[in-house]
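The values are calculated or read from the model by the stated rules, or taken from the named source; none is laboratory data. Bear in mind that the values here come from a model prediction, so they are computed numbers and not experimental data. Heads up, the Cβs are rebuilt from the backbone with ideal geometry, glycines too, and the neighbour counts pull from every protein chain shown.
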Amino acid sequence: MPVSFFIALRYLRSRQHRGFISFITLIAIVGVTLGVAALIITLSVLGGFERTIKENVISFTAHLQLIGFQNQLLPNPAHAMEVVLSEYPEVKEIAPYLSREGMIRSTVATDGVLIKGVDPKNDISAAKTHLVQGTYSLEQRDRGAEGIILGRRLAQKLEVTVGDRVLLLSLGGSTVSLSQARVMQFEIRGLYETGMAEYDETYAYVNLKNAQRLFAVGPMVSGFDILVHDLDSLTALASTLPERLGYPYYARTTYEMNRNLFTWIELQKKPIPIIIGLIIIVATVNIIGTLLMMVMEKGKEIGILRALGTERKKLTGIFLVQGMFIGIVGVTLGNIIAFLLCWLELHYRVISLPSGIYFMTHVPIDLQATNFLLVSVLTLVMCLLSSIIPSRLASSRDPIRMIRFGS
């Protein structure tokens, strides 16, 4: 075992009458541990927020929406889908829809709702992937009530559940007249929950043909939800599609439809470098203080080592080893604590959130190895750099003065 390593370990272990050294070493390790754990958890939560919000928003609005200018209805949707799929290989999926405001009524309550008619054969809606009760079935029936999928929050407001029946009311055609109000009865076949209250209590999904009959618009649709293979192609696709299909087609990307939300996400990421810097500085100051106290406490021992001919490099190495030991132990423990806490939240959802504010029902976690690696490397580098000042101080002191006065 190298002499520097052996002496460093002896300094870290205090004797019975010098318990102060082990205590401040423990404090330094705890400081690094908490800093590393807090930073990894912060990055994981912020990454989880960004991923969850993007997934939920995109699942309702798709990557790109192809709609009619000034909300005009689009005729001949089959032709438009054929053109898009045949001429634009960057398009992954395209689904026609009809979306209009209406009213929904149960036996105890009435509420406003955004009715979205989708084609079961080409359906990329959020309800399909976030179903929490019942079955996702919007196929038309020969007899009985047609099916509808509601958000759980909306179902709670209406005091209904799977199997209950509700009435949908809409104003028929292109006019807004109570005398033309149309009513259809639907049976609730499933409930979905995304955690985003804005959508869970607003959207109701029905079969596209039922929506066309309810709104009396014939075979026309409001637009198309489009998913692409590469999000970088959205801007170009949004400009070329309307040109190819002609008036009144108009395209808008998910970033345009949810500009405020994505701006908020980017704003949340800006303080990350500041947070990283502050936590690492705290850990660095901890280590510097610990090693300086060791230099002062072990003044006579250091002086004896210098008097016996110990080279300055070896003396410097003693405190570099101590600093790295504190850093390695702290980083290891911090990674373990962060992983355990993130894993618990990821699998058991310990911490709940009000979905009306945060767009989700629990704290999201995005466990990425890069977060652990980035924080660990930065912390170890700072621990090494912070050990240089005390080590240089110890190796540059006068050995006679240190033996005589202990400082």
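For the stretch 295-309, check the following and say yes or no: at least one residue is assigned to a helix (DSSP H, G or I), modelled with pLDDT under 75, of a type in the set (V, I, T) and in contact with a Pro (Cβ under 7 Å, 6 or more places away or on another chain). Yes - at least one qualifying residue is present in the stretch 295-309. A Cβ distance below 6 Å, combined with a sequence gap of six or more or placement on separate chains, defines the contacts here; from the stretch 112-129, residues that are assigned by TED's automatic domain parsing to the domain that holds V206 reach residues that are of a type in the set (S, T, N, Q) and outside any strand (DSSP E or B) in the pairs L114/T202; V118/S125; A126/S59; A126/T194. Just to be sure, is L291 within 30 Å of A37 (Cβ to Cβ) and at pLDDT 75 or above? For L291, the condition - within 30 Å of A37 (Cβ to Cβ) and at pLDDT 75 or above - is not met.
The residues of the stretch 317-354 include none that are touching a strand residue (DSSP E or B) at 6+ places or on another chain (Cβ under 9 Å), crowded, with 17+ Cβ neighbours inside 10 Å and modelled with pLDDT under 85.
Do we find a residue being over 19 Å from V118 (Cβ atoms), in a helix (DSSP H, G or I), without any contact (Cβ under 8 Å) to a residue 60 or more places away in the chain and among the polar types (S, T, N, Q) anywhere in the stretch 220-235? Scanning the stretch 220-235 turns up at least one residue that is over 19 Å from V118 (Cβ atoms), in a helix (DSSP H, G or I), without any contact (Cβ under 8 Å) to a residue 60 or more places away in the chain and among the polar types (S, T, N, Q).
So that you can scan it fast, the table gives a plain yes or no per residue for (1) more than 28 Å from S352 (Cα to Cα); (2) crowded, with 18+ Cβ neighbours inside 10 Å:
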residue	(1), (2)
I29	yes, yes
A37	no, yes
S44	no, yes
G47	no, yes
R51	no, no
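Looking at this structure, is V206 crowded, with 17+ Cβ neighbours inside 10 Å and part of a loop (DSSP other than H, G, I, E, B)? Answer is no for this residue. In this structure, does R312 turn out to be surrounded by fewer than 16 Cβ atoms within 10 Å (Cβ to Cβ), modelled with pLDDT under 75 and farther than 16 Å from V36 by Cα? Answer is yes for this residue.
Residues of the stretch 239-265 that are under 23 Å from R51 (Cβ atoms) and part of a helix (DSSP H, G or I): T254, Y255, E256, M257, R259, N260, L261, F262, T263, W264, I265. So is I53 under 18 Å from L98 (Cα atoms) and hydrophobic (A, V, I, L, M, F, W, C) or not? No; evaluated as a whole, the condition is false for this residue.
The residue list T254, T194 contains one member that is within 27 Å of the chain's Cα centre (by Cα), outside the structural domain of R152 (by TED's automatic domain parsing) and touching a residue at least 40 places away in the same chain (Cβ under 8 Å), which is T254.
Scanning the stretch 50-66 finds one or more residues that are within 33 Å of the chain's Cα centre (by Cα) and closer than 30 Å to G330 by Cβ. Taking the conditions exactly as written (at pLDDT 90 or above, of a type in the set (S, T, Y) and touching a Phe, Trp or Tyr at 6+ places or on another chain (Cβ under 8 Å)), does Y88 satisfy them or not? Here the answer is no, as Y88 does not meet what is asked.
In the stretch 64-78, the qualifying residues are those that are out of contact with any Ser or Thr (no Cβ under 6 Å at 6 or more places or on another chain) and in a strand (DSSP E or B), and the one that is surrounded by the fewest Cβ atoms within 10 Å (Cβ to Cβ) is G68.
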